Amino acid sequence: MTPAECAVAAARGAVGARFRSHGRDPAFGLDCVGLAVLAARAAGFAAPISADYAIRGGDPSTAIDAVGLVRTSAPATGDLLLFAAGPAQFHLAVQVPGGIIHADAMLRRVVERPGVPPWPLVAAWRLTGD
């Protein structure tokens, strides 16, 4: 499998996991960072954001750039997406064919959302692996 296919498979494997703030294990719950970490590790990367991340009030782009992910202006399947979900609030997701997979705090679980996401895209990274 390609790194992108591995990332998508990992994200899809987490669909249905409960939402848990700062969650890093699908068995106990994930937040959007936990889902991004799961997908990135499956694609062969270290965690894209450290444990001391600030998804609210701080742009996590620098932390993601630091692990060597390559930014892309044309997101594709398996890419890691960063959205502006609200004022000073960011949200991570994994692009899949026809939509995204993300940890939805309102639905309290990881879901696959079809169609165009409702938030503005801030940045995207290709999970190309080494």
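Rule-based calculations on the coordinates, nothing more; no lab input. Source: prediction; values computed, not measured. Heads up, the Cβs are rebuilt from the backbone with ideal geometry, glycines too, and the neighbour counts pull from every protein chain shown.
Each Lys and Arg contributes +1 and each Asp and Glu -1, all at the Cβ; summed about the Cα centre of the stretch 3-126, the dipole is approximately 240 debye.
If you bin every alpha carbon distance in the stretch 3-126 into 5 Å steps from zero, what whole percent lands in each bin? Cα pair-distance distribution for the stretch 3-126, in percent: 2, 13, 24, 28, 23, 9, 1. With K and R counted +1 and D and E -1, the other residues having a Cβ less than 9 Å from that of T72 yield a net charge of +1. Computed packing ranks the peptides 6-18, 60-72 as 6-18, 60-72, most packed first, by mean other Cβ atoms within 10 Å.
Net charge of the neighbourhood of V110, taken over other residues with C-beta under 13 Å away and scored Lys/Arg +1, Asp/Glu -1, is +3.
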